[in-house]
Amino acid sequence: MTKQVLVIEDEPNIVEAIRFILHRDGWRVDTHADGATAVEAVRTQRPDLVILDVMLPGRSGFEVLRELRGADDLAALPVLMLTARGQAKDRETAELAGASRYMTKPFSNADVLAAVREMAGP
């Protein structure tokens, strides 16, 4: 069965890079670009994993993650946070919000693929 990832990111070139990497690895990749409606998109699409940008229009990725973690049906969903801000404070905020993994931009294709494979399990 094909695993599905939802990429919540507003930078088209990053979306396309991630889509290419994961699609080539056998993933079904859906995308969403608005923080304000991101939780609704997760509920509708029911992905196996979410890749979530921190800085989104409408609502931050941290706020989206807190809502996901607060919902009983979504609390265990693996979430890889992506951000251009690599300061320790941002990493700590992501961990406190419940991020499964945290990765700074720019990232290597190999690192994204390895993180997604690890988070998805067997």
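The values are calculated or read from the model by the stated rules, or taken from the named source; none is laboratory data. Just so you know, these numbers come straight off a predicted model, no measurement behind them. Heads up, the Cβs are rebuilt from the backbone with ideal geometry, glycines too, and the neighbour counts pull from every protein chain shown. When the accessible area is computed, the model is the full protein with side chains, heavy atoms only, and any ligands, DNA or RNA have been set aside. Shrake-Rupley method; radii C 1.70, N 1.55, O 1.52, S 1.80 Å.
Taken together, the residues in segment 18-54 that are out of contact with any helix residue (DSSP H, G or I) (no Cβ under 7 Å at 6 or more places or on another chain) and either under 19 Å from Pro78 (Cα atoms) or not aromatic (Phe, Trp, Tyr) (or both) amount to 17.
Among the residues of segment 4-15, are any of a type outside the set (Phe, Trp, Tyr), under 20 Å from Ala120 (Cα atoms), in contact (Cβ under 8 Å) with a residue 40 or more places away in the chain and open to solvent by 60 Å² or more (accessible area, probe 1.4 Å)? Spell out how you get there, then give the answer.
Keep residues of segment 4-15 that are of a type outside the set (Phe, Trp, Tyr), which gives 4-15.
Filter once more, so that each one left must be under 20 Å from Ala120 (Cα atoms): 4-9, 15.
Now restrict to residues that are in contact (Cβ under 8 Å) with a residue 40 or more places away in the chain: 4-9.
If we keep only those that are open to solvent by 60 Å² or more (accessible area, probe 1.4 Å) too, we end up with none.
No, the conditions are met nowhere in segment 4-15.
For segment 79-110, give me each residue that is under 20 Å from Gly35 (Cα atoms) and open to solvent by 80 Å² or more (accessible area, probe 1.4 Å). Answer for segment 79-110, where residues must be under 20 Å from Gly35 (Cα atoms) and open to solvent by 80 Å² or more (accessible area, probe 1.4 Å): Arg85, Arg91, Glu95, Leu96. Just to be sure, is Asp48 over 21 Å from Asp90 (Cβ atoms), surrounded by 15 or more Cβ atoms within 10 Å (Cβ to Cβ) and touching a residue at least 40 places away in the same chain (Cβ under 8 Å)? Yes, satisfied.
Quick check on segment 16-45: of everything there that is among the acidic types (Asp, Glu) and within 13 Å of Leu6 (Cα to Cα), which residue is most open to solvent (accessible area, probe 1.4 Å)? Steps first, answer last, please.
Residues of segment 16-45 that are among the acidic types (Asp, Glu), as a first pass: 16, 25, 30, 34, 40.
Filter once more, so that each one left must be within 13 Å of Leu6 (Cα to Cα): 16, 30, 34, 40.
On the way: Glu16: 97, Asp30: 40, Asp34: 54, Glu40: 120 Å².
Across segment 16-45, the extreme among qualifying residues is Glu40.
For the structure I just gave you, tell me whether Ala97 is more than 20 Å from Asp30 (Cβ to Cβ) and in contact with a Leu (Cβ under 7 Å, 6 or more places away or on another chain). Taking the combined requirement at face value, the residue satisfies it. Within segment 50-100, the residues that satisfy the criterion of being under 22 Å from Ile14 (Cβ atoms), modelled with pLDDT of 95 or more and among the charged types (D, E, K, R) are Asp53, Arg59, Glu63.
If you go through segment 1-40 and pick out every residue that is closer than 19 Å to Ala71 by Cα, small (Gly, Ala, Ser) and in contact with a Pro (Cβ under 9 Å, 6 or more places away or on another chain), you end up with 2.
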